[in-house]
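Here the structure is laid out as structure tokens; the discussion comes afterwards.
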Amino acid sequence: MQLIPCPWCGPREEAEFHYGGQAHVAYPEDPSALTDEEWAQYVFFRDNPSGPFAERWSHSAGCRRWFNAVRDTRSHDLLAVYRAGEPMPEVAS
Amino acid sequence: MTFRTSTGGAIDRNTLLHFTFNGQKLSGHPGDTLASALLANGVHEIGSSVKLGRPRGVVAAGSEDPTSLVQIEAPFSEPMLLATTVELYDGLEARGLAGQGRLAALPDPARYDAKHEHCDVLVVGAGPAGLVAALTAARSGARVVLVDEQNQAGGALLGVEEYLDDRPSAEWVADIVAELKSTPGVLVLERTTAFGMYQDGFVLALQKRTDHLGFAAPATVARQRVWRIRTKQTVLATGAHERPVVFADNDRPGIMLASSARTFLHRYGVLPGSRAVVFTTNDSAYCAAIDLAESGVDIALIADARPEAPARLATECAARGIEVRAGQLVTGTEGTSRVTVVHVGGEKIECDTLLVSGGWNPVVSLFSQARGKLRYDAELGAFVPGEELSTVRVAGSATGELDLNACTRQGRDAGAAAAGAAGFASGGQVPLPVSDSRCTARSGLVLWRVPGDEDASFVDLQRDATVSDVLRATGAGLRSLEHIKRYTTIGTAHDQGKTSGMIAAGIVAEALGVELEDQRPTTFRPPYTSVSFAALAGRDRGELHDPVRVTAIHPWHVAHGALFENVGQWKRPWYYPQPGEDLHTAVLRECRATRESVGMMDGSTLGKIDVQGRDAGKFLDMLYTNMMSNLKVGKIRYGVMCGVDGMVIDDGTVIRVGEQRYLVTTTTGNAAKILDWMEEWLQTEWPHLDVHCASVTEHWVTIPLVGPKSRAVLGEVAPDLDVSNEAFEFMTWHDTVVAGVPARVCRISFSGELAYEINVTAWHGLAVWEALMAAGEKYGITPYGTETMHVLRAEKGYPIIGQETDATVTPQDLGMSWAVSKKKPDFIGKRSFARAENNRTDRKQLVGLLPVDPEVLLPEGSQIVETDRLPEPPVRMLGHVTSSYPSAALGRTFALALVRSGHERIGETLYVPVEDTLVPVTVTESVLYDKEGARRDG
């Protein structure tokens, strides 16, 4: 059972959290201006890197806040957590 | 005949414990395991093998034993326990198994629980290395937890007669345990197996608290406990298991690991037999032979596979009249229920016991689970920890080190390092004991198998997997140990290959002509030993398995005979059968009463979300496909929500409570999901919006009052309310007093009938329900459940999210284009409606189906095909039936279905395969009853 350091509550067990997929994929400013392909990229396509990956988490059984984390997908190690709206910190992979 | 020694062992010879094995009455002593008691009575044949039915006995003395599986019959039936790990108690009844047990037919009456524990240093294993590690860490002031699977500390020392610092090792062990137990902040857990090691220092351990008490176990004490340990640092002192050598007919009862025989002697005072042959590749079996000889066992021969026997040990053997033959192999055995003859170098030697040692496998299971890399040690012939981890250290024979003095030194270093890493300075050195041991197992020869009958050379005794099976796998082209494990099933039994895995790897490497250094061992996974589901479930059984949610009116439903259905965690009345009624007749009655007079139901489980803030309207406009911000205070609008892909995720009504306040309802099962959905968008995309959401589901009791007489009933209980159609229009709400209680009444209909939804605080819900029942009595007011609700809404073609939809259905597919705004510049899902995929004319669309025979009820989920005869497969499926009911209002059966190009097919005849027939059905619009909507206003 991994510990996830919620930026609001501190380290808590992963069972308290809900996964939210890739971070920093903004809802498009004007969806109607996008081509079908551009829109499909937003709706259906996400990165799947081997290594550090910025992703969204929600502390759903705790403070219920969304935040971002950089996780190494090879080891599950969380390299950084940061609050929504904050820029992604530099991490050493 | 008894094989019990007259002295020695940690057993109480003055007390008799009576037990039954395979119907035979036997006795043993406190301190015995079932296995040691059986061996003391000369019982070696425990069960038979799973595939071939060959007799099987006891191979090892501990949890690594592959064969001694028994079923406990009393006090409570429990399958697949190892006789070597069942502590004997009076009245025990057990039966040997033919490979597999059977589950108890009755619920387990015992309690199980779980406990959390936090510590600085966790030490797994209370052998010499673990004890020194734990004491070193404890003296530094660290919070220490020491877990050990045995009922007493000592580890390998329990199985030998060794002196430490010139006194019996048990005294040295007792001193350390006493100091640990008296140190504040130290927890010593006996009978506790760390069975899983996970990330961030999380370790699960199973403690057997009262198993050993048998019938005397107090009912109030949890029988087993799962410890959920979170530790900063871990020292793994998990020891090593002796491994056998594979040869022909190596599976007969009486063939045992040499060190295990030594353990049975020293710990339990039990001799394995009268006359033994010893077959070894290393020194350690000599000690077993010498100890057993001194206890009266006739050692017929030591066959040492090495070209030369160790001089000093050979001399000791000679002094005791034990013959040692170097360069000799055991090539086969004879016997039926017990070994009687051993073949050595072409000679047949009579005996009743064959002791085998093929070297030692460090127990690296937990280290590997902690993602530590393993390395093959060619001298040892085993995988050993191959790297250092920052939070997990390994000490003792788990590292491959088999010398006791070195093991305790490792324990001290690991304990100090772990405590240091957890922030504790050294609290003084623990003195290391000096051992008088004569044997080391290093200096061994790595030997996996002796050539011979490959069909009878067993690699995994529990799985009946032989050398032939391994060679068949490699012959078929398999090269990876993971694949071979799955192909042969080696290592997949209860013992997870503790004695067989390494040998299998060795035989594979030989067969493939590769080096073990280049082979990756199979992944070790939890649990290390078998853990019962009852222990894992703990208290989360029966009523405590999952919370049950009931409404404020629930007691009334129970009192009035409702049957319930589970909707998420909610208990909802399903229908209210009267005497003699089944589901079918009750629902027809409830439907008829509601459409013809008045009915009511408990709709309290409906999800309710209070949405407030300056931007609440703007927010809801993005969430719903239709416009909500222009809804006037006092009005209600039905709305549909989609995901960004344009697929329907929920529907419900939106009530405008005030300029900056809306009350949103969701389907019962989606309440939490939709609140999460709202929070996700508010927090991650639109944090600038001033909107706050709160679940108010449980604050309100909601009672839909439905049918042509609902106006009259409401008028009676709400005297302040003008219930006329002009004053109280459809899709509006009024705050008023109902049955003397403040209430919000909404005119909403989910049945097409004139209907009201009465909302009061949950506290008053039951009283208002009863007042409505009383007021409606003269109209025959009828409570109805979810089944009637489903029929009434289906007759009107109203979809249920999750029944008519499955995350591939758009509002347009449901015929709800009217609920999709053309004016709003954007909302979630809008852009997807313009995708080519969403505009295909052959999408599955919601339609009604009328079976040509009005008596035929289509099974929900049935497929729909185009032709009256099934063509050769694959048959093209047009869709499926989503809802199907008999209808009182229609006087016939009907169904809703998702059908390819359904909207274009109205009027067509399609076919539904039901068992062996094809049922013809006519496609209709989804609205089947009161198409013009004449009943809405009463």
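Hey, can you tell me all the residues within region B:292-326 that are aliphatic (A, V, I, L, M), part of a loop (DSSP other than H, G, I, E, B) and more than 15 Å from B:Leu355 (Cα to Cα)? Outline the logic, then answer.
Start the filter on region B:292-326 by keeping residues that are aliphatic (A, V, I, L, M), which leaves B:292-293, B:297, B:299-303, B:305, B:309, B:311, B:313-314, B:318-319, B:322, B:324, B:326.
From what's left, part of a loop (DSSP other than H, G, I, E, B): B:297, B:305, B:309, B:322.
Across region B:292-326, the qualifying residue is only B:Ala309.
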Report task. Would you be able to say whether some residue in region B:674-681 is under 17 Å from B:Val696 (Cβ atoms), within 11 Å of chain A (Cβ to nearest Cβ) and touching a Lys or Arg at 6+ places or on another chain (Cβ under 7 Å)? Result -> yes
Query raised in the report: When the residues of region B:651-673 are filtered to those that are open to solvent by less than 40 Å² (accessible area, probe 1.4 Å), in contact (Cβ under 8 Å) with a residue 60 or more places away in the chain and out of contact with any helix residue (DSSP H, G or I) (no Cβ under 7 Å at 6 or more places or on another chain), which remaining residue is nearest to the other protein chains (Cβ to nearest Cβ)?
Result: B:Asn670
Query raised in the report: Across region B:196-234, what is the number of residues that are more than 14 Å from chain A (Cβ to nearest Cβ) and either in a strand (DSSP E or B) or crowded, with 17+ Cβ neighbours inside 10 Å (or both)?
Result: 14
Requested in this report: Name the one entry in B:Thr684, B:Thr697 that is more than 30 Å from B:Glu596 (Cα to Cα) and either without any contact (Cβ under 8 Å) to a residue 12 or more places away in the chain or surrounded by fewer than 17 Cβ atoms within 10 Å (Cβ to Cβ) (or both).
Outcome: B:Thr684
Query raised in the report: Would region B:747-760 turn up any residue that is crowded, with 17+ Cβ neighbours inside 10 Å, in contact (Cβ under 8 Å) with a residue 24 or more places away in the chain, farther than 22 Å from B:Arg936 by Cβ and assigned by TED's automatic domain parsing to the domain that holds B:Glu596?
Result: yes
**Report entry** Test: residue in region B:703-722 that is touching a strand residue (DSSP E or B) at 6+ places or on another chain (Cβ under 6 Å), closer than 24 Å to B:Pro573 by Cβ and assigned by TED's automatic domain parsing to the domain that holds B:Arg637
**Finding:** no
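One line per residue, one yes/no per condition, for (1) closer than 30 Å to B:Met773 by Cα; (2) in contact with a Lys or Arg (Cβ under 8 Å, 6 or more places away or on another chain); (3) open to solvent by less than 30 Å² (accessible area, probe 1.4 Å):
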| site | (1), (2), (3) |
| --- | --- |
| B:Ile553 | yes, no, yes |
| B:Val558 | yes, no, no |
| B:Ala562 | yes, no, yes |
| B:Gln569 | yes, yes, no |
| B:Pro573 | yes, no, yes |
Requested in this report: Output the residue which, of all residues in region A:1-36 that are at the interface with another protein chain (Cβ under 10 Å from one of its Cβ atoms), part of a helix (DSSP H, G or I) and not small (Gly, Ala, Ser), is surrounded by the most Cβ atoms within 10 Å (Cβ to Cβ).
Outcome: A:Pro31
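Is there a residue being within 33 Å of the chain's Cα centre (by Cα) and not in a helix (DSSP H, G or I) anywhere in region B:436-452? Break it down into steps so the answer makes sense when it comes.
Here is the first cut: in region B:436-452, the residues within 33 Å of the chain's Cα centre (by Cα) are none.
No.
Could you grab me the full set of residues in region B:724-738 that are hydrophobic (A, V, I, L, M, F, W, C), touching a residue at least 12 places away in the same chain (Cβ under 8 Å) and out of contact with any strand residue (DSSP E or B) (no Cβ under 8 Å at 6 or more places or on another chain)? Step through it out loud before you land on a result.
Start the filter on region B:724-738 by keeping residues that are hydrophobic (A, V, I, L, M, F, W, C), which leaves B:727-728, B:730-731, B:733, B:737-738.
Now narrow it down to the ones that are touching a residue at least 12 places away in the same chain (Cβ under 8 Å): B:728, B:730-731, B:733, B:737-738.
B:Phe730 - this is the single residue of region B:724-738 that is hydrophobic (A, V, I, L, M, F, W, C), touching a residue at least 12 places away in the same chain (Cβ under 8 Å) and out of contact with any strand residue (DSSP E or B) (no Cβ under 8 Å at 6 or more places or on another chain).
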Query raised in the report: Which residues, counting only those in region A:47-67, are among the small types (Gly, Ala, Ser) and touching a residue at least 40 places away in the same chain (Cβ under 8 Å)?
Result: A:Gly51, A:Ser58, A:Ser60, A:Ala61, A:Gly62
Query - Search result, residues across region B:458-477 that are touching a residue at least 12 places away in the same chain (Cβ under 8 Å), outside any helix (DSSP H, G or I) and more than 21 Å from B:Ile46 (Cβ to Cβ) - result: none
Report summary line: Wholly inside region B:1-87, strands (runs of 3 or more DSSP E) that include 3 or more residues that are open to solvent by 10 Å² or more (accessible area, probe 1.4 Å) are B:17-21, B:24-28, B:78-82
Report summary line: Looking across region A:37-51 at residues that are in a loop (DSSP other than H, G, I, E, B) and of a type in the set (S, T, N, Q), the single one that is farthest from the other protein chains (Cβ to nearest Cβ) is A:Asn48
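Condition check ((1) assigned by TED's automatic domain parsing to the domain that holds B:Ala395; (2) within 30 Å of B:Val270 (Cβ to Cβ); (3) buried (at least 17 other Cβ atoms within 10 Å of the Cβ)) across all residues:
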{"position": "B:Gly99", "(1), (2), (3)": "no, yes, yes"}
{"position": "B:Gly125", "(1), (2), (3)": "yes, yes, yes"}
{"position": "B:Pro128", "(1), (2), (3)": "yes, yes, yes"}
{"position": "B:Thr136", "(1), (2), (3)": "yes, no, yes"}
{"position": "B:Arg139", "(1), (2), (3)": "yes, no, yes"}
{"position": "B:Trp172", "(1), (2), (3)": "yes, yes, yes"}
Report summary line: Of the residues in region B:797-834, those that are buried (at least 21 other Cβ atoms within 10 Å of the Cβ) and within 14 Å of another protein chain (Cβ to nearest Cβ) come to B:Thr810, B:Phe827, B:Ile828, B:Gly829, B:Arg831, B:Ser832
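Right, B:Glu770: surrounded by fewer than 18 Cβ atoms within 10 Å (Cβ to Cβ) and closer than 16 Å to B:Gly603 by Cα or not?
Yes.
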Query raised in the report: Only one of B:Val865, B:Val875 is touching a strand residue (DSSP E or B) at 6+ places or on another chain (Cβ under 9 Å) and open to solvent by less than 10 Å² (accessible area, probe 1.4 Å); which?
Result: B:Val865
Query raised in the report: Among the residues of region B:618-630, how many are open to solvent by 10 Å² or more (accessible area, probe 1.4 Å) and either of a type in the set (A, V, I, L, M, F, W, C) or closer than 16 Å to B:Ala694 by Cα (or both)?
Result: 2
Report summary line: Considering region A:68-93, residues that are touching an Asp or Glu at 6+ places or on another chain (Cβ under 9 Å) and among the hydrophobic types (A, V, I, L, M, F, W, C), and then whichever is most open to solvent (accessible area, probe 1.4 Å), we arrive at A:Leu79
Requested in this report: Filter region B:580-603 down to the residues that are buried (at least 18 other Cβ atoms within 10 Å of the Cβ) and among the hydroxyl-bearing types (Ser, Thr, Tyr), then identify the one that is nearest to B:Val791 (Cα to Cα).
Outcome: B:Thr594
Query raised in the report: Which residues, counting only those in region B:181-195, are of a type in the set (Ser, Thr, Tyr) and open to solvent by less than 40 Å² (accessible area, probe 1.4 Å)?
Result: B:Thr183, B:Thr192, B:Thr193
Report summary line: A:Ala54 meets each of (1) among the hydrophobic types (A, V, I, L, M, F, W, C); (2) touching a helix residue (DSSP H, G or I) at 6+ places or on another chain (Cβ under 8 Å); (3) away from chain B (no Cβ under 12 Å) with one exception, condition (2)
Query raised in the report: Can you pull out the residues in region B:240-288 that are open to solvent by 10 Å² or more (accessible area, probe 1.4 Å), within 13 Å of B:Thr5 (Cα to Cα) and not in a helix (DSSP H, G or I)?
Result: B:Leu271, B:Ser274
Report summary line: Exception for A:Cys63 within (1) open to solvent by 80 Å² or more (accessible area, probe 1.4 Å); (2) within 14 Å of another protein chain (Cβ to nearest Cβ); (3) not aromatic (Phe, Trp, Tyr) falls at (1)
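The values are calculated or read from the model by the stated rules, or taken from the named source; none is laboratory data. Please read all numbers here as calculations on a predicted model, not as lab measurements. Quick reminder, even Gly has a Cβ in these numbers, built from the backbone with ideal geometry, and neighbours come from all protein chains shown. Ligands, DNA and RNA are stripped out before the accessible areas are found, and what is left, the full protein with its side chains, is counted by its heavy atoms. Shrake-Rupley method; radii C 1.70, N 1.55, O 1.52, S 1.80 Å.
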